[in-house]
Amino acid sequence: MSNFLIRKLANELATRQSPVDIAVAGIGESVKRIKHNLATKIVSRNSNFSTILDFLGMKKPTSHLPTSLIDTTAWKMPKVPLADPQFNVPATIYMIIGGECYHEFHTGVRHSLGNGLPILVDTLLFWTASGKVDSSSTTALQACFLSTVDQTRETIPGTRERPSI
């Protein structure tokens, strides 16, 4: 699973972008062509950990998340450095770290916020919040994200070579 960076931020970084022509497929077989990628250094605000990751640049990798305001006033939040201290307020997502490396960043430390609430996960970069939140609204927009990079190539007319997974 690839890493994505909003193009506006990619343009602001002092990192050279490389031209690519990659098809990224998602839910409902939607396909988006990616024209730029870049490697950039990611640095933890809370430790001396850093790493260089490759990102695909997109105008808008996802909709605002969360899709609606989440009331966290009754939650018992521990004092941990969150990746996004305002994760409960809908906002632009600037960076998506894909499954190819996200799980390698986990420290193995998790903290449950309670039944029906997200789990906080400690990573080498920061703490993240993920999981379902019980919602009394039946009209809340549901978000589901999946993307695959189409690396198939024409080999013999009418056939395709598939990458190994």
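Here are a few things to note about the model shown:
- Residue ID - most open to solvent (accessible area, probe 1.4 Å), chosen from residues in the range 29-42 that are farther than 16 Å from Leu13 by Cβ and either of a type outside the set (Asp, Glu) or in contact (Cβ under 8 Å) with a residue 60 or more places away in the chain (or both): Arg33
- Residue match in the range 71-81 (condition: closer than 17 Å to Val133 by Cβ, β-branched (Val, Ile, Thr) and in a loop (DSSP other than H, G, I, E, B)): yes
- Filtering Asp71, Asp21 for residues that are closer than 23 Å to Val121 by Cα and either within 16 Å of the chain's Cα centre (by Cα) or at pLDDT 90 or above (or both) leaves a single hit, Asp71.
- Just one residue in the set Leu124, Leu120 is aliphatic (A, V, I, L, M), open to solvent by less than 40 Å² (accessible area, probe 1.4 Å) and either over 14 Å from Asn3 (Cα atoms) or at pLDDT 90 or above (or both); that residue is Leu120.
- Number of the exception - Arg45 against (1) loosely packed, with under 12 Cβ neighbours inside 10 Å; (2) in a loop (DSSP other than H, G, I, E, B); (3) free of Cβ contacts under 8 Å to residues at least 40 places away in the same chain: (3)
- Residue match in the range 97-114 (condition: open to solvent by less than 40 Å² (accessible area, probe 1.4 Å) and over 19 Å from the mean Cα position of the chain (by Cα)): yes
- Lone unmet requirement of (1) in a loop (DSSP other than H, G, I, E, B); (2) over 24 Å from Asn37 (Cα atoms); (3) at pLDDT 85 or above; (4) of a type outside the set (Val, Ile, Thr) for Lys132: (3)
- Hits in the range 48-100 - residues which are within 22 Å of Ala10 (Cβ to Cβ) and β-branched (Val, Ile, Thr): Thr51, Ile52, Thr62, Thr92, Ile93, Ile96, Ile97
- Some residue of the range 82-93 being of a type in the set (Phe, Trp, Tyr) and either exposed (fewer than 15 other Cβ atoms within 10 Å of the Cβ) or not in a loop (DSSP other than H, G, I, E, B) (or both): no
The values are calculated or read from the model by the stated rules, or taken from the named source; none is laboratory data. Small disclaimer: the values here were computed from a predicted structure and weren't measured. Neighbour counts are summed over all protein chains in view; Cβ atoms, including those assigned to glycine, are modelled from backbone coordinates with ideal geometry. These accessible areas exclude ligands, DNA and RNA; they are computed on the full protein's heavy atoms, side chains included. Shrake-Rupley method; radii C 1.70, N 1.55, O 1.52, S 1.80 Å.
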